[in-house]
Amino acid sequence: MMEQAIATYREEATELLAELETSLLELEENPQDDDLINRVFRAMHTIKGSGAMFGFDDIARFTHEVETVFDQVRNGKLFVTRPLLDLTLQARDQISTMLQASAGGPPADETKGQQIIAGLQALLPQSAAPVVKETKLAEQPAAQGEVCQRTFRIRFKPAPDIMLGGTNPLNLLNELRSLGQCEIVTHLDAIPPIRELVPEQCHFYWDIIITTPHGMDALKDVFIFVEDDCDLKIDLINDTAAITAEGDANYKNLGEILVERGDLSPVEMQKILSMQKRFGELLVEQGILPQSKVEAALLEQQQVRQARQEKTVQETALSIRVPAERLDYLVNLVGELVTVQAHLTQTADEKNDGDIIAIAEEVERLISELRDTTLTMRMLPIGSTFSKFKRLVRDLSTELGKEIDLETAGAETELDKTVIEKLNDPLVHLIRNSIDHGIEMPEVRRAAGKAPKGIIHLGAVHSGDSVLVTIRDNGAGLNKEAIRAKAVERGLITAGAELSDKEIYNLIFAPGFSTAKAVTSVSGRGVGMDVVKKAIEALRGSIDINSTPGTGSVITLKIPLTLAIIETLLVRIDDNFFVLPLAMVEECIELTRADVEAAHGRNLAHVRGTLIPYVSLREQFGITGAQPDIEQVVIAGVNGSRIGFVVDDVVGEHQTVIKSLGKLYRDVQGISGATILGDGTVALILDPHLLVRDVERSELQQFG
Amino acid sequence: MAKVIMTADDSASVRQMVSFTLKQNGYDVVEAVDGKDALTKLGSQKVDMLITDLNMPNLDGIGLIKGVRAGSLNKFIPIIMLTTESQDSRKAEGKSAGATGWIVKPFKPEQLIAVVKKVLG
């Protein structure tokens with residue numbers, strides 16, 4: 001691209017030089033013609049400006065000198081004379097030689113250039129010699145050393161007509177937010193009554209307290225375009241670097257802050273102080289200040305105190321490195337402790353002894369705190385995995401001749417160490433898929449009116465007790481017809497099957513499914529999305545896919561925060577106990593004999609007007625024994641649909657410490673692990689995903 | 001939908017470079033060869049932003065900015081002017097005519113994109 005622009009520049013400059021020559025010669029005849037003077041100036045201005053853009057620095061520097069002289073002519077401070085025209089024509093030739101030199105011609109004579117410049121400068125009136133000022137957008141100064149957080153107080157009061165200049169003040173506030181931790185208070189007291197209000201004007205103003213590693217210059221840069229159109233006051237109010245080790249975590253009182261800001265006079269402060277009530281409330285009560293000003297000052301106090309406290313903490317104990325296995329051992333012990341605690345609670349309840357129950361409750365509280373703390377110790381930010389993918393995207397896209405950028409968000413989101421490790425392979429697969437099948441070749445994209453460079457967005461965000469990881473691309477999207485045709489060909493669905501978009505997309509997770517026309521080195525060997533789905537389900541997560549033809553696909557992985565301990569629902573069938581992940585359970589209903597008979601042998605339950613299919617776990621696991629008259633249906637959300645699981649009894653919520661089943665049981669379908677209950681009984685952990693798949697398969701064999 | 005940005009510049013090479021950089025970053029671009037051309041196009045087409053040179057034949061950048069602010073369709077769009085370091089007075093003139101900000105020539109593609117993102121939010 002640059003080469004092309006450089007070639008355009010050479011042509012353009014050559015044309016401009018020709019025009020310059022003509023204009024100069026005409027100017028000799030009409031030395032007063034403003035139009036001609038302007039034309040000369042403009043020609044040189046463009047040669048200089050564009051020259052600097054494309055690396056012709058020597059030309060830009062030289063032309064700048066000539067342009068300076070003509071700027072004086074244009075402003076009427078210098079007259080067009082014969083010597084001036086001679087020198088300018090010589091300068092024109094010099095520029096022309098320099099241009100040719102850059103294209104492989106003979107080099108320009110530098111001494112000659114210097115002579116021309118000296119000659120031109122001699123023509124300038126002494127005082128007019130220009131002072132070249134650097135007003136480039138300052139590069140942001142790097143944060144000094146490690147964590148050097150400073151807190152600034154900013155009052156930003158834009159001029160009412162700021163929006164007429166095309167500035168949206170909210171963008172500036174958002175830009176500040178991106179620089180550090182920000183507290184923003186909006187002041188409304190300058191807004192005129194509605195009758196006088198001009199909707200095109202802005203009467204808001206803001207107090208901002210920001211704690212940031214950047215310096216004052218970076219903050220000023222945010223407002224660089226509006227400096228003259230606003231009242232802006234930026235004060236450094238706290239510099240953690242300047243605080244000594246014993247650091248005073250206290251900060252000024254509210255009154256002192258307001259006085260310092262000029263919002264309040266010292267006399268007023270004394271008057272209020274003498275009343276001996278809460279200072280801020282009084283200020284508002286007395287009508288001296290609006291609530292927002294007081295809030296702003298309080299926020300400043302809070303944020304600075306916090307920053308100083310953090311600094312103290314950081315200095316006393318930064319972090320300790322602990323071997324991972326020691327942590328794992330600790331988590332195991334906590335797991336055992338949770339089991340013992342359940343036993344204790346149960347025993348205490350049975351003995352019905354008030355003293356022991358009180359102790360059991362105390363222990364329960366402490367252990368749940370201990371559990372939470374231990375689990376957070378194993379949390380790591382997911383960002384370490386993200387950075388690996390940058391390389392993957394770069395290498396693969398080059399190999400395939402595609403242009404792709406990887407954007408990431410939420411790298412700081414924390415997940416259990418083991419989960420992050422196990423998430424790596426599925427993510428690699430999904431990103432490979434996006435690169436290979438999602439993003440189109442640059443020319444295809446261009447033809448579709450899209451930017452030739454594709455974007456893959458990788459994001460992570462907390463949502464309740466899970467983390468949502470999304471892989472979004474702006475590629476072609478999934479081809480519904482191709483997926484459908486393939487699924488029919490593979491016998492996954494019948495040709496006439498009516499499927500929703502979501503169901504069609506979900507087909508790509510079926511074993512052995514791959515729509516790539518050719519097998520590439522990147523993906524498409526048939527071991528595809530089913531492996532990903534299995535890996536995600538092994539983490540007790542779920543996978544969801546969404547796609548819009550032409551604009552791209554989004555794959556969302558929902559991953560539980562930890563693998564060690566989960567909240568479950570404990571259920572009973574005969575004398576066997578099972579647990580279901582509580583996150584999946586939506587509701588529980590009763591199922592009577594009459595309901596079963598009314599359904600005529602189909603496993604469907606009526607729930608508030610909708611039919612919900614259910615799986616009888618008693619039948620599924622071949623449990624004999626007396627079936628109660630009223631059974632319970634636990635309704636869970638599985639792959640986006642509601643499925644019921646029939647059990648004898650729902651016992652209640654249970655903290656489940658997950659134990660794996662061991663190699664011998666690795667082929668057992670529908671069971672993902674086991675746990676030990678308070679009384680030592682073993683309960684099996686059900687995997688609703690696998691259970692449903694198992695039932696679907698057997699139904700297909702039976703009726704399909 | 002991609003945001004539309006107009007680049008008004010009488011230098012084809014600068015137009016080409018601005019336009020390429022913007023397109024590469026997912027913006028749609030409308031080109032204008034001078035102030036008059038730009039003002040005519042802006043009279044009938046809504047754009048999200050204008051990047052204009054100051055020195056142009058027919059109608060210069062200052063005139064163009066004034067014209068846009070006096071119109072209705074694109075009255076409130078951010079306008080960025082391209083200036084050179086010797087033009088401090090022109091910068092002030094541009095600001096008072098209604099420019100939102102400026103970029104000093106020469107600039108790198110990243111600088112252009114940083115400014116575009118800054119004013120478009």
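Springs between Cα atoms under 10 Å define the GNM used for chain B, and in it the highest mean-square fluctuation of B:D34, B:D88, B:D53 occurs at B:D88. Near B:L64: Cβ cut-off under 12 Å, other residues only, Lys/Arg at +1 and Asp/Glu at -1. The net charge is -2. When only alpha carbons are used to place a centre, region A:555-626 and region A:641-704 end up 10 Å from one another.
With an a/c value of 1.5 or above and a/b not larger than b/c for the gyration tensor axes a ≥ b ≥ c computed over the alpha-carbon atoms, region A:430-517 is described as oblate. As a calculated quantity, the FRET efficiency between A:M379 and A:N171 at R0 = 30 Å, using C-beta atoms, amounts to about 0.30.
Taking the Cα centre of the protein assembly as shown as origin, work out the dipole magnitude from +1 charges on Lys and Arg Cβ and -1 charges on Asp and Glu Cβ, in debye rounded to 20.
Values: 86 positive and 119 negative charges, 240 e Å.
For this selection, approximately 1160 debye.
Answer rounded, prolate or oblate for region A:371-523, using the Cα gyration tensor with square roots of eigenvalues a ≥ b ≥ c: rounded when a/c is under 1.5, else prolate when a/b is larger than b/c, else oblate.
Judged from the Cα gyration tensor, region A:371-523 comes out oblate (a/c at least 1.5, b/c at or above a/b).
Note: relative contact order over region A:364-416, using C-alpha pairs below 8 Å and six or more positions apart, is 52 percent. Placing +1 on the Cβ of every Lys and Arg and -1 on the Cβ of every Asp and Glu, with no other charges, gives region A:565-703 a dipole of roughly 480 debye about its Cα centre. For the cross-link pairs A:K402/B:K23; A:K77/B:K108; A:K48/A:K390; A:K417/A:K486, the ones whose C-alpha atoms lie over 27 Å apart are A:K77/B:K108; A:K48/A:K390; A:K417/A:K486. Would you mind checking the tilt of helix A:57-74 against the longest principal axis of the Cα atoms of chain A, expressed as 0 to 90 degrees and rounded to 10? Computed tilt is about 60 degrees. When shorter helices are ignored and each DSSP H run of at least 4 residues is given -39500 (n - 2.57), the per-residue value for chain B at 222 nm works out to -14000 deg cm²/dmol. Under Stokes-Einstein, with the Kirkwood radius over Cα pairs as Rh, the value for the protein assembly as shown at 37 °C and 0.692 mPa s is 98 µm²/s.
Quick check on packing: order A:17-26, A:423-432, A:383-392 by the mean number of other C-beta atoms within 10 Å, highest mean leading. Don't skip to the end; give the middle numbers.
Values: A:17-26: 16.9, A:423-432: 19.8, A:383-392: 14.7.
So the order, starting with the most tightly packed, is A:423-432, A:17-26, A:383-392.
Largest GNM mean-square fluctuation across B:E110, B:E93, B:E31, computed for chain B with C-alpha springs under 10 Å, falls on B:E110.
Against chain A, whose longest principal axis is taken from its Cα atoms, helix A:417-433 shows a tilt of about 60°.
Beyond 26 Å in Cα-Cα separation lie the following of the pairs A:K533/B:K3; A:K233/B:K91; A:K453/B:K117: A:K533/B:K3. If you average the alpha carbon positions of region A:417-495 and of region A:336-405, how far apart do those two centres end up, in angstrom? One Cα centre to the other: 29 Å. As I understand it, the value is the acute angle between the Cα axis of helix A:2-29 and the longest principal axis of the Cα atoms of chain A; what does it come to in degrees, rounded to 10? Tilt of helix A:2-29: around 20 degrees. Springs join every pair of Cα atoms under 10 Å in this Gaussian network model of chain B, and among B:I79, B:I62, B:I103 the largest mean-square fluctuation is at B:I103. In deg cm²/dmol and to the nearest 500, what is the mean residue ellipticity at 222 nm of chain A if only DSSP H runs of at least 4 residues count, each as -39500 (n - 2.57), divided by the residue total? Value at 222 nm, helices only: -14500 deg cm²/dmol. For region A:1-108, the set of trypsin sites (Lys or Arg not before Pro) satisfying both a DSSP loop assignment and a count of at most 15 other C-beta atoms within 10 Å is given as A:K77. Sorted fewest first by neighbouring Cβ atoms within 10 angstrom, A:C148, A:C202 come out as A:C148, A:C202. For chain B, a/c is less than 1.5, where a ≥ b ≥ c are the root eigenvalues of the C-alpha gyration tensor. That puts it in the rounded class.
No value in this document is a laboratory result; all are computed from the given coordinates. Everything quoted here is computed from the prediction, not taken from an experiment. Cβ atoms come from the backbone with ideal geometry, glycine included; neighbour counts cover every protein chain shown.
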